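**Q** A single structure is presented below for examination.
The values are calculated or read from the model by the stated rules, or taken from the named source; none is laboratory data. All of these numbers come straight from a predicted model, not from anything done at the bench. Cβ atoms come from the backbone with ideal geometry, glycine included; neighbour counts cover every protein chain shown. Calculation scope for accessible area: heavy atoms of the full protein, side chains included, ligands and nucleic acids excluded. Shrake-Rupley method; radii C 1.70, N 1.55, O 1.52, S 1.80 Å.
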Amino acid sequence: MKTKVSRAGVALVALLATAGTAVAEGEWSGNVAITSDYVWRGISQSDEDPAIQGGFDYANGMFYAGTWASNVDFGDASDTNIEVDFYGGLAGALENGVSWDVGVIYYAYPDADESDLDFVEVKGALGYEFASGVAVGAEAYYDFDNENLYLNATAGYGFTDAFSADVSVGNYSFEGGGDYTNWSLGGTYSLPIGIDVDLRYWGTDVDDTSIADERVVLTFAKSL
């Protein structure tokens, strides 16, 4: 699933360039988190061990960009210990209340020895919040170089200003053949001290590896 970025990387460079000289006029934010297991699309990226994560984001009108990093452990010959993501895109909302988001994500593994793990995805997403407060969304991620496709659907509800819950179902299909489905169910509570506590159940239909087994993940996160 992790292979080299080539022509798709050009799209990320072009998208980030649209910020131009307006960067100084936008808003910056940061985030930091510690989690009991770094799970991505239902699969542990940290060999079922804890991870420390964090990043920075920039927003200016419809344009956004950012970077995010986490420790990883794939248990393979690459011996990589860190993932650094770079992303950018455009997001907004239509008059009927439908939100949209298009962007590019570059997944980098700078300490992967001679292994070729970097890759790029383009993404598109739509969302809508009903008058009842229930929010739904659909996302698609595509890796042009490897021709892999990930589709994800979500639904969430905010019970109070401090507590919300959500569910997701995704499917990852690969150009070389095969696919798998993952799902999650979790809740997030915002403590008065500004820390978000997320407790989440993950599951997949993958049977031949322990890193895809069902698991419960606890995460503490704070916006900066």
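**Q** Every residue in segment 177-194 that is open to solvent by less than 50 Å² (accessible area, probe 1.4 Å) and in a strand (DSSP E or B), please.
**A** Once the filter is applied, which keeps residues that are open to solvent by less than 50 Å² (accessible area, probe 1.4 Å) and in a strand (DSSP E or B), segment 177-194 yields Tyr180, Thr181, Asn182, Ser184, Gly186, Gly187, Thr188, Ser190.
**Q** Let me ask another. I'd like the full set of residues that are open to solvent by 50 Å² or more (accessible area, probe 1.4 Å), part of a loop (DSSP other than H, G, I, E, B) and closer than 24 Å to Trp183 by Cα, limited to segment 45-73.
**A** Answer for segment 45-73, where residues must be open to solvent by 50 Å² or more (accessible area, probe 1.4 Å), part of a loop (DSSP other than H, G, I, E, B) and closer than 24 Å to Trp183 by Cα: Asp47, Glu48, Asp49, Pro50, Asp73.
**Q** Of all residues in segment 26-44 being free of Cβ contacts under 8 Å to residues at least 40 places away in the same chain and surrounded by fewer than 18 Cβ atoms within 10 Å (Cβ to Cβ), which is farthest from the chain's Cα centre (by Cα)?
**A** Gly26
**Q** Restricting the search to segment 103-126, which residues are touching a Lys or Arg at 6+ places or on another chain (Cβ under 7 Å) and part of a strand (DSSP E or B)?
**A** Result: Gly103, Ile105, Phe119.
**Q** Name every residue in segment 119-177 that is among the aromatic types (Phe, Trp, Tyr), in contact (Cβ under 8 Å) with a residue 24 or more places away in the chain and farther than 21 Å from Val98 by Cα, in order of residue number.
**A** Phe119, Phe144, Tyr150, Phe163, Tyr172, Phe174, listed by residue number.
**Q** In the list Ala221, Ala135, Ala155, which residue meets the criterion of being farther than 25 Å from Ile34 by Cα, open to solvent by less than 80 Å² (accessible area, probe 1.4 Å) and assigned to a strand (DSSP E or B)?
**A** When all the criteria are applied, what remains is Ala135.
**Q** Follow-up. Does Asn81 count as open to solvent by 50 Å² or more (accessible area, probe 1.4 Å), in contact with a Ser or Thr (Cβ under 7 Å, 6 or more places away or on another chain) and under 24 Å from Arg215 (Cα atoms)?
**A** So Asn81 fails the test.
**Q** Residue check: is Val84 more than 21 Å from Leu151 (Cβ to Cβ) and assigned to a strand (DSSP E or B)?
**A** So Val84 fits the description; yes.
**Q** Next question. Taking segment 158-175 as the region of interest, how many residues are in a loop (DSSP other than H, G, I, E, B) and open to solvent by less than 80 Å² (accessible area, probe 1.4 Å)?
**A** Start the filter on segment 158-175 by keeping residues that are in a loop (DSSP other than H, G, I, E, B), which leaves 159-162, 174-175.
Now restrict to residues that are open to solvent by less than 80 Å² (accessible area, probe 1.4 Å): 162, 174.
Looking only at that region, the number is 2.
**Q** While we're here: I'd like to verify a number: residues in segment 45-77 that are small (Gly, Ala, Ser), within 19 Å of Tyr141 (Cα to Cα) and in contact (Cβ under 8 Å) with a residue 24 or more places away in the chain, how many?
**A** Qualifying residue count, segment 45-77: 1.
**Q** Just wondering, is there one or more residues in segment 107-116 that are of a type in the set (A, V, I, L, M, F, W, C) and either open to solvent by 70 Å² or more (accessible area, probe 1.4 Å) or modelled with pLDDT of 95 or more (or both)?
**A** Among the residues of segment 107-116, at least one is of a type in the set (A, V, I, L, M, F, W, C) and either open to solvent by 70 Å² or more (accessible area, probe 1.4 Å) or modelled with pLDDT of 95 or more (or both), which makes the answer yes.
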